[in-house]
1. Just name the residue that is farthest from Ser66 (Cα to Cα) out of those in region 83-100 that are surrounded by fewer than 20 Cβ atoms within 10 Å (Cβ to Cβ) and hydrophobic (A, V, I, L, M, F, W, C).
2. Determine the pairs where a residue that is assigned to a helix (DSSP H, G or I), located within region 110-127, has a partner that is polar (S, T, N, Q) and modelled with pLDDT of 95 or more with Cβ atoms under 6 Å apart, the partner being 6 or more residues away or on another chain.
3. I'm trying to understand the selection: among the residues of region 35-57, which are surrounded by 19 or more Cβ atoms within 10 Å (Cβ to Cβ) and in a strand (DSSP E or B)?
4. Mind checking which residues of region 80-103 are closer than 15 Å to Val136 by Cβ, more than 13 Å from the chain's Cα centre (by Cα) and free of Cβ contacts under 8 Å to residues at least 60 places away in the same chain?
5. Which one of the conditions (1) more than 18 Å from Ser38 (Cα to Cα); (2) at pLDDT below 95 does Ser77 fail to meet, given that it meets all the rest?
6. Tell me the residue from Asp108, Asp62, Asp103 that is surrounded by 14 or more Cβ atoms within 10 Å (Cβ to Cβ) and among the acidic types (Asp, Glu), please.
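The values are calculated or read from the model by the stated rules, or taken from the named source; none is laboratory data. None of the values given here were measured: they were computed from a predicted structure. All Cβ positions, glycine included, derive from the backbone under ideal geometry; neighbour counts span all protein chains shown.
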Amino acid sequence: MKGKIVGIVILSSALIAGAVLYYLQIYGFYEEVSAEVSEVRLVSLVTDEPEPIRAEAIEAIDADSSPIRFRACFQTSASLPMLTETYVGLERATPRNAPPWFDCFDADAIAAEMRAGTALSFLGEKNVAFGVDRIVVITDEGRGYIWHELNDCGEKAYDGTIVGEECPRRDDS
């Protein structure tokens, strides 16, 4: 009888811990952000600095637990030909999954549009946090998506490789 009670306690504890972990990963750390995302910026080919582009209906989520949890969606009237002539494009970008409740951001659909050539990726901003760049993807229909991705310095810093002088100083405060 004691064995059954111990087994039930262990199983119940595991189920509760699993449910709490699931909730924290999907809902607990994320919050909707509006104040800090009042504009969408892309890095200019001329100045190498981020410049705002016309964007509306911006929806965004973020979490303090990690700099790569940021996701956003928006609409723009800017054309892809104008954007490619003006802003830094990216050869490769891989959309990160968003929580299922953030309906506007579907990483698989964004990746499919990029593969089909109906969406292009741009550098939104370098080092929004140490070793993390902001990636912006815009479709030919004017839908836009933003997420954060580790850059070379971030990958080196987080895998233990020596960072080197080409990376900015890390602010650990």
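1. Per the stated criteria, the residue is Leu83.
2. Glu113/Thr139
3. Val40, Arg41, Leu42, Val43, Pro50, Ile53
4. Met82, Leu83, Thr84, Thr86, Tyr87, Val88, Gly89, Leu90, Glu91, Arg92
5. (1)
6. Asp62
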